[in-house]
Amino acid sequence: MPLPQLTVFRHDQGPRALITLAGALDLATAPLVREVLAGCLHDGVLAIDIDLTPLTFCDCSGLNVFLEASLNLAVVGGSLHLHHPPAVVVRVVEITGSGFLLSGSNSAVVRN
């Protein structure tokens with residue numbers, strides 16, 4: 001069985017960064033996302049928007065990375081928001097009480 005793949009794109013605009021995740025975010029690929037998000041913080045980025053449109057899978061490892069990065073950003077006055085998450089990610093985020101990660105109203109950002 002081939003290993004799950006994840007491609008991470010980072011586009012900075014001053015103190016903001018747009019991160020696009022394409023593929024599967026799981027235990028094997030979470031360290032890559034953690035490294036990219038930590039790099040943003042290190043580079044002085046205070047607002048991170050994560051586009052999940054091309055994301056095909058996300059388990060609790062991915063949610064943990066988002067929560068950790070959100071906490072680290074909050075300490076320095078920054079923020080992290082998820083955009084266009086798949087419905088299953090929205091469900092997990094809501095069940096865990098992490099809805100603050102979602103950008104805008106839940107109904108506006110969900111994709112099926």
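Observations on the model:
- Set side by side, the residues Val45, Val33 differ, and just one is closer than 15 Å to Leu82 by Cα, out of contact with any Phe, Trp or Tyr (no Cβ under 8 Å at 6 or more places or on another chain) and aliphatic (A, V, I, L, M), which is Val33.
- Listed by first and then second residue, the pairs with beta-carbon distance under 9 Å, at least 6 apart or on different chains, first residue in region 29-51 and among the charged types (D, E, K, R), second in a loop (DSSP other than H, G, I, E, B), are Asp49/Ser103; Asp51/His84.
Let's see how each residue does on (1) out of contact with any Ser or Thr (no Cβ under 6 Å at 6 or more places or on another chain); (2) over 16 Å from Ser103 (Cα atoms); (3) surrounded by fewer than 19 Cβ atoms within 10 Å (Cβ to Cβ):
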{"position": "Thr7", "(1), (2), (3)": "yes, yes, yes"}
{"position": "Gly23", "(1), (2), (3)": "no, yes, yes"}
{"position": "Val33", "(1), (2), (3)": "yes, yes, no"}
{"position": "Leu37", "(1), (2), (3)": "yes, yes, no"}
{"position": "Ala47", "(1), (2), (3)": "no, no, yes"}
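- Leu82 satisfies every condition listed in (1) touching a strand residue (DSSP E or B) at 6+ places or on another chain (Cβ under 6 Å); (2) closer than 18 Å to Leu41 by Cα; (3) in a helix (DSSP H, G or I) except (3).
- All positions within region 29-57 that are at pLDDT 95 or above, more than 22 Å from Leu71 (Cβ to Cβ) and of a type outside the set (Ser, Thr, Tyr): Pro54
- If you filter region 65-87 down to residues that are modelled with pLDDT of 95 or more and loosely packed, with under 15 Cβ neighbours inside 10 Å, you find that the one that is nearest to Ala28 (Cα to Cα) is Leu71.
- Given (1) part of a helix (DSSP H, G or I); (2) in contact with a Ser or Thr (Cβ under 9 Å, 6 or more places away or on another chain), index of the condition Leu71 fails: (2)
- Sole exception among (1) at pLDDT 95 or above; (2) in contact with a strand residue (DSSP E or B) (Cβ under 9 Å, 6 or more places away or on another chain); (3) among the β-branched types (Val, Ile, Thr) for Val93, by number: (1)
- One residue stands out in region 96-112 among those that are in a helix (DSSP H, G or I) and at pLDDT 90 or above: the one that is nearest to Ala30 (Cα to Cα), namely Leu101.
The values are calculated or read from the model by the stated rules, or taken from the named source; none is laboratory data. The model shown is predicted, which means the values in this text are computed figures rather than measured ones. Note that we place each Cβ from the backbone using ideal geometry, even for glycine, and neighbour counts take in every protein chain shown.
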